[in-house]
Amino acid sequence: QVQVVESGGGLVQPGGSLRLSCAASRNRFSITVIGWYRQAPGKQRELVAVISSSGRTNYADSVKGRFTINRDNAKNTVYLQMNSLKPEDTAVYYCNARTIVDNSWGQGTQVTVSS
(Lines give C-alpha, C1' and ligand atoms only; values in the text may rest on other atoms or scores of the structure.)
Protein backbone atom coordinates (compact mmCIF):
# COMPACT_ATOMS: atom_id res chain seq x y z
CA GLN A 1 0.00 0.00 0.00
CA VAL A 2 1.14 3.56 -0.72
CA GLN A 3 2.39 5.43 2.34
CA VAL A 4 1.90 9.19 2.48
CA VAL A 5 3.46 11.69 4.87
CA GLU A 6 2.23 15.25 5.23
CA SER A 7 4.16 18.27 6.41
CA GLY A 8 3.86 22.03 6.50
CA GLY A 9 0.94 22.76 8.78
CA GLY A 10 0.98 25.36 11.52
CA LEU A 11 -0.49 28.55 12.89
CA VAL A 12 -0.95 31.52 10.59
CA GLN A 13 -2.78 34.82 10.79
CA PRO A 14 -5.76 35.55 8.57
CA GLY A 15 -4.56 36.60 5.14
CA GLY A 16 -1.36 34.63 5.50
CA SER A 17 0.02 31.73 3.52
CA LEU A 18 1.15 28.17 4.12
CA ARG A 19 2.41 25.40 1.89
CA LEU A 20 1.61 21.78 2.62
CA SER A 21 3.63 18.90 1.24
CA CYS A 22 2.72 15.26 0.85
CA ALA A 23 5.38 12.72 -0.01
CA ALA A 24 4.15 9.36 -1.27
CA SER A 25 6.13 6.15 -1.22
CA ARG A 26 6.96 4.30 -4.41
CA ASN A 27 4.56 1.52 -5.17
CA ARG A 28 3.97 -1.26 -7.64
CA PHE A 29 0.99 0.66 -8.98
CA SER A 30 1.16 4.29 -10.09
CA ILE A 31 -0.76 6.91 -8.18
CA THR A 32 -3.72 8.01 -10.27
CA VAL A 33 -5.10 10.80 -8.10
CA ILE A 34 -3.48 12.52 -5.13
CA GLY A 35 -4.59 15.47 -3.12
CA TRP A 36 -5.90 17.05 0.01
CA TYR A 37 -8.96 16.78 2.18
CA ARG A 38 -9.69 18.55 5.44
CA GLN A 39 -11.79 18.02 8.52
CA ALA A 40 -12.78 20.76 10.93
CA PRO A 41 -14.06 19.99 14.45
CA GLY A 42 -17.62 18.72 14.32
CA LYS A 43 -17.67 18.57 10.53
CA GLN A 44 -17.28 15.88 7.92
CA ARG A 45 -14.08 15.44 5.96
CA GLU A 46 -14.27 17.37 2.70
CA LEU A 47 -12.30 17.62 -0.49
CA VAL A 48 -9.94 20.58 -0.77
CA ALA A 49 -8.01 19.92 -3.97
CA VAL A 50 -6.87 16.89 -5.94
CA ILE A 51 -4.73 16.38 -9.01
CA SER A 52 -4.61 13.47 -11.42
CA SER A 53 -1.58 11.86 -13.00
CA SER A 54 -2.34 13.86 -16.14
CA GLY A 55 -2.38 17.12 -14.21
CA ARG A 56 -6.12 17.64 -14.13
CA THR A 57 -7.17 19.45 -10.96
CA ASN A 58 -10.34 19.73 -8.94
CA TYR A 59 -10.88 22.32 -6.19
CA ALA A 60 -13.53 22.95 -3.61
CA ASP A 61 -15.44 26.11 -4.42
CA SER A 62 -14.43 27.60 -1.08
CA VAL A 63 -10.72 27.55 -1.98
CA LYS A 64 -10.77 28.38 -5.68
CA GLY A 65 -8.54 31.33 -6.43
CA ARG A 66 -6.73 31.02 -3.09
CA PHE A 67 -5.24 27.51 -3.09
CA THR A 68 -3.09 25.89 -5.74
CA ILE A 69 -2.22 22.22 -5.99
CA ASN A 70 0.70 20.93 -7.99
CA ARG A 71 2.47 17.64 -8.34
CA ASP A 72 6.08 16.64 -8.82
CA ASN A 73 5.84 13.19 -10.36
CA ALA A 74 9.59 12.65 -10.23
CA LYS A 75 9.53 13.12 -6.45
CA ASN A 76 6.11 11.51 -5.96
CA THR A 77 5.17 14.62 -4.01
CA VAL A 78 2.17 16.91 -4.10
CA TYR A 79 2.04 20.45 -2.77
CA LEU A 80 -0.81 22.66 -1.66
CA GLN A 81 -0.05 26.38 -1.69
CA MET A 82 -2.61 28.14 0.47
CA ASN A 83 -2.89 31.92 0.21
CA SER A 84 -5.31 34.44 1.70
CA LEU A 85 -6.09 32.04 4.50
CA LYS A 86 -9.28 32.53 6.47
CA PRO A 87 -10.29 31.34 9.95
CA GLU A 88 -12.73 28.93 8.30
CA ASP A 89 -9.78 27.16 6.68
CA THR A 90 -8.80 25.90 10.13
CA ALA A 91 -8.83 22.11 10.05
CA VAL A 92 -6.74 18.99 9.99
CA TYR A 93 -5.55 18.51 6.43
CA TYR A 94 -5.13 14.97 5.14
CA CYS A 95 -3.28 13.77 2.10
CA ASN A 96 -4.94 11.05 0.05
CA ALA A 97 -3.36 8.94 -2.65
CA ARG A 98 -5.16 6.50 -4.89
CA THR A 99 -3.95 3.72 -7.14
CA ILE A 100 -6.09 1.18 -8.98
CA VAL A 101 -5.97 -1.02 -5.87
CA ASP A 102 -5.34 1.32 -2.91
CA ASN A 103 -6.80 4.37 -1.24
CA SER A 104 -4.27 5.67 1.31
CA TRP A 105 -4.54 8.42 3.90
CA GLY A 106 -1.89 10.26 5.84
CA GLN A 107 -1.99 11.06 9.53
CA GLY A 108 -2.98 14.66 8.92
CA THR A 109 -1.44 18.02 9.65
CA GLN A 110 -3.11 20.80 11.61
CA VAL A 111 -3.68 24.17 10.00
CA THR A 112 -4.90 26.92 12.31
CA VAL A 113 -5.80 30.37 11.01
CA SER A 114 -6.17 32.80 13.87
CA SER A 115 -5.08 36.23 14.99
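Of all residues in region 35-72, those that are surrounded by 12 or more Cβ atoms within 10 Å (Cβ to Cβ) and either in a strand (DSSP E or B) or of a type in the set (S, T, N, Q) (or both) total 22.
Does Thr32 satisfy the criteria of being open to solvent by 30 Å² or more (accessible area, probe 1.4 Å), modelled with pLDDT under 95 and under 18 Å from Trp105 (Cβ atoms)? Taking the combined requirement at face value, the residue satisfies it. Filter region 7-29 down to the residues that are within 15 Å of Phe67 (Cβ to Cβ), open to solvent by less than 70 Å² (accessible area, probe 1.4 Å) and not in a loop (DSSP other than H, G, I, E, B) and list them by number. Val12, Leu18, Leu20, Ser21, Cys22, listed by residue number. Restricting attention to region 69-102, and to residues there that are among the basic types (Lys, Arg) and in contact (Cβ under 8 Å) with a residue 60 or more places away in the chain, which single residue is nearest to Ala23 (Cα to Cα)? Among those residues, the one meeting the criterion is Arg98.
Taking residues in region 10-28 that are more than 24 Å from Trp105 (Cβ to Cβ), and partners anywhere that are assigned to a strand (DSSP E or B) and of a type in the set (A, V, I, L, M), the pairs with Cβ atoms closer than 9 Å and at least 6 places apart or on different chains are Gln13/Val113; Pro14/Val113; Gly15/Val113; Gly16/Met82; Gly16/Val113; Ser17/Met82.
The values are calculated or read from the model by the stated rules, or taken from the named source; none is laboratory data. Since we're looking at a predicted model, the values are computed, not measured. Backbone-built Cβ (ideal geometry, glycine too); neighbour counts: all protein chains shown. Just so you know, the surface numbers come from the protein's heavy atoms only, side chains and all, with ligands and any DNA or RNA stripped out. Shrake-Rupley method; radii C 1.70, N 1.55, O 1.52, S 1.80 Å.
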